[in-house]
Structures are given as C-alpha cells and as structure tokens.
Amino acid sequence: MPGGVSSPVRAFGGVGGEPFVVARGEGARIWDVDGKAYLDFVLSWGPLVLGHAAPPVLDALEETMRRGTSFGITTELEVDLAELITRRLPNVEMVRFVSSGTEATMSALRLARAATGRGAFLKFDGCYHGHADSFLVRAGSGVATLGLPNSPGVPDAVASLTRVAPFNDADTVRAIARDTPLAAIIVEPLVGNSGFIPPDAGFLQALRTIATDTGALLIFDEVMTGFRIAPGGARERYGVTADLTTLGKVIGGGLPLAAYGGRRDLMEMIAPQGSVYQAGTLSGNPLAMAAGLATLHALTPALHDRIEARTARLVAGLISSAARHDVPFTAAHAGSMFGFFFRREPVRSFADAKGSDVAFFRRFFHAALERGVYLAPSPFEAAFMSAAHGDAEVDAALERLDEAMREARA
Ligand code: KE4
C-alpha cells in the first residue's frame, strides 16, 4: 500500500514519526495494536458523532446485515434516510446518495455545469472537497499537509477551469465572478480543511448575493460541517441558503456514505429523471443507510447541544492552558467541531493558518500522543467531539493537553 496507508493524511506526513496501527475503538477511545489507549478527537475524521462502536449503530447494523448486505436495488432504508435528511435540511428538497464525499462534490459540480452551461467554477484556497481532478487545486487537508499545490496527473485543461480565491475575501470573488462566467461557487461554509476557519460575518451572504447576481450556483460543501456545526447545518447557523449541498461523514455513522442534494429543479436533472449522468454500485448500501439512520435519529437537538457545551468547555480549557504557559494560541468551536492554531491573532484564511507555528504543533501533537490523546496528525485539520466524550473525558484531556503544552513550550 503506497505509504502504508489507505489515505495520505494517515501517514503522519504533517507531524513526522511513525503512525500507530489501531486495533479497536469504543466510545471516546481507541486502542492501538500494542494495547495503548487514546482519547480520540479525530473520530474517523468526523463521522463518529456518537463515538466508536455506538450501541444504536451496532444494533442497527446487526439487524440489517442479517437481511443481506447489498442489493443494487432500492430499499426502504434509502427512502427513510432521504426523507429524514430533507426534513432536517429544508433547502435540500431532493437528495442522491453516493459512497464518498469526493463523489458528492464531483457530482454536484457536474450538475452545476449542466444547469448553467458554464465550465469554470470557484473554490477557496485551503478548502478541500475531495480528490476529483477539478478540486486538486490549492486544496486543504492532505494536499496542504503534503505541500502538493496541484497534484500531478491533473491536466492543465482541467485545472484551468478552477478559479481560486482566499476564504473570507468577497471582493476577490466578486472580481472573478464578474470576469469569468462561473458554473458554481463551492465553499466549506466553515473551513475544516485548513484547520478551523469560521466565516466572517456577512461573508457567506456575500457569496449568496454574488452567485445570484452572476448566475452561478452556490454549493455548500457540508461533508464535514453537516450535522456538526448545527442540527440544520450551515443554513441554520448562518442563515444562508445554498442551491446545492454536499453531505457525508456523520450521515453514514462511520460507513461509506455521502450525498448531494438541493433545489428540486436542479436535482431533477440527475439521471434517470434527467440527463446528467451519475451512478454507483454501492450507492444507497443498506448497511450504510442503517448506520446513518441510527446516528441521525440519536442526534437530537438536545444531544447536539450537550456535545456543543462540552466542546466549548474543552476549547476554553485549552485557551486558558495556553495563557498559563504563555503560548501564542487561538481556538474556536462550532457545534461539535473545533480547532486551534499556535498563533496569537485569529485565523481568517489559509495564508493565516500557514503562518501559525507548525513546528510547535508537531511537538504538541507528539506530546499529546505520548499522553494518550490522539489529535489530527496535521495542523490543517479540524477536531471533533462525540456523545461519548463525557465530562471525565474532557477533564482528562485538558489535564494531559496542559502537560503537552508545557512540554512543547520547553
Ligand atoms: P471523502 O472522499 O474523503 O469521503 O470526502 C472528501 C471531502 C469532501 N469535502 C470535505 C469538506 C471534506 O472534509 C472531505 C474529506 N475530509 C478529509 C479530512 N479533512 C478526509 C480525510 C482523508 O482524506 O483521509
């Protein structure tokens, strides 16, 4: 396996050292093959909002798998999950299930190009939307971690259709959209793939206005933020409605499941109802559907609020630790996801994020790992909490991370 991993960011390229191999997970914890326990704040990069091996998910899988694991035929589970998602996200009037976030964003972009007849689109520096060719241009996450500005193998003809603007810079977007007819503006409404960068007040509304005024579609890539930053996603948190939304991670509860959806008039263009082709052998897989349904049914607004409260306490504790150790530090949270940078000033763009003290992050990451706390092995990733991260887990994490901060400072 290239690099010994199934996905690049797992290889610890962003932090150095040898990654551990995991044996099992339960609740807020994972154990490596040597039996060492870690409090897990990566949670499979976001999906496990109920924690590892959550009983409701395991029960649903157990019951479903005994009726067969895959059919390539519509099941009631798909209808149930589609109805649940469109109820929770009213601007998502129709939805198509796929098996990865990459498929979701790739398909949403194809749909936007078909709907507008335009080829060019705009993304933001440091946003990661999966590894489809068009998006591997100044992406975030693993691309940023590995310093791959544009991946080899992406033809110039394809990359030339991708326009890039700094996050939180509406003026640049306005100028690009005026000069180039855009099929879409795609954005992580809160950027989790450059670390953790919330939108400035009014920024998302500005994108909505620019898209509407110039005939481009606005796509919110909520693969990571969906059912994390608010029960109703970015629309509930920021009051801005996208034309198309992509989802993933949480909606699969840890199984391969993602989706794209939005305005009915657009989604009806998708085959076989319309002529925009997109397909998938395992799309709508019953096990993934069952895990997603169990997760979203358990994730009530009350549970979301409880997880958010603990996330807030963790972030506040980290901020006071940094102050105590006189470490330049900024941190924030939104719902059950959070992030931090070793930098005094707030981070508003990927350029700001890259200006943080990455060397300090590396020392902090390893000092934390030594003490049984697993953070994302990159300064350009968000962190996550789950229903299984109780007060005891938060207290333990704060104690260990305070020591890690002191050690990294030395
Ligand atoms: P996947 O194809 O990896 O399922 O989803 C791609 C994707 C799309 N959009 C957003 C906002 C995403 O965050 C992702 C994937 N996130 C990364 C973590 N930052 C996945 C981890 C990895 O690449 O191994």
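The values are calculated or read from the model by the stated rules, or taken from the named source; none is laboratory data. Everything quoted here is computed from the prediction, not taken from an experiment. For neighbour counting, all protein chains shown are included, and Cβ atoms are generated from backbone atoms with ideal geometry for every residue, glycine included. Please note that ligands, DNA and RNA were not included when accessible areas were found on the heavy atoms of the full protein model with its side chains. Shrake-Rupley method; radii C 1.70, N 1.55, O 1.52, S 1.80 Å.
Overview of values
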| quantity | calculated |
| --- | --- |
| Most to least packed among 285-295, 67-77 [average Cβ atoms within 10 Å] | 285-295, 67-77 |
| Computed P(r) (all Cα pairs; region 93-189; 5 Å bins; percent) | 2, 13, 23, 26, 21, 11, 3, 0 |
| Alpha-carbon Rg/Rh ratio, for region 1-69, with Rh computed the Kirkwood way | 1.05 |
| Accessible surface, the chain, averaged per residue in Å² (probe 1.4 Å) | 40 |
| Cβ-based charge dipole, the chain, positive-most Cα from Gly153, Ala279, Val9 | Gly153 |
| Peptides 10-22, 397-409, 211-223 ordered by average Cβ neighbours within 10 Å, highest first | 211-223, 397-409, 10-22 |
| Cβ charges +1 (Lys, Arg) and -1 (Asp, Glu), total dipole of the chain, debye | 500 |
| Rg followed by Dmax, in Å, when the chain is reduced to its Cα trace | 20.5, 62 |
| CD proxy at 222 nm, helix term only [per DSSP H run n ≥ 4: -39500 (n - 2.57); per residue of the chain; nearest 500] | -11500 deg cm²/dmol |
| Net charge, Arg10 excluded, C-beta distance under 15 Å - Lys, Arg +1, Asp, Glu -1 | -4 |
| Volume of the Cα convex hull of region 370-410, divided per residue and given in Å³ | 77 |
| Charge tally in the Cβ shell below 10 Å around Asp265, where Lys, Arg are +1 and Asp, Glu are -1, Asp265 excluded | -1 |
| Solvent-accessible ranking of Thr225, Thr172, largest area first, probe 1.4 Å | Thr172, Thr225 |
| Contact order normalised by residue count of the chain, Cα under 8 Å, 6+ apart, percent | 24 |
| Peptide ranges 32-41, 47-56, 80-89, 244-253 listed from the most packed, as the mean C-beta count within 10 angstrom indicates | 244-253, 47-56, 80-89, 32-41 |
| Along principal axes, Cα extents of region 145-244, largest first, whole Å | 39, 34, 21 |
| Rg/Rg_globular for region 273-410, with Rg_globular taken as 2.2 N^0.38 Å and Rg from C-alpha atoms | 1.30 |
| Carbon/sulfur fraction of accessible area - the chain, other protein chains in place, 1.4 Å, % | 53 |
| Kirkwood Rh, angstrom, region 55-298 [1 / mean 1/r, Cα pairs] | 18.1 |
| Percent RCO, i.e. relative contact order, over region 83-201, from Cα pairs under 8 Å lying at least 6 residues apart | 29 |
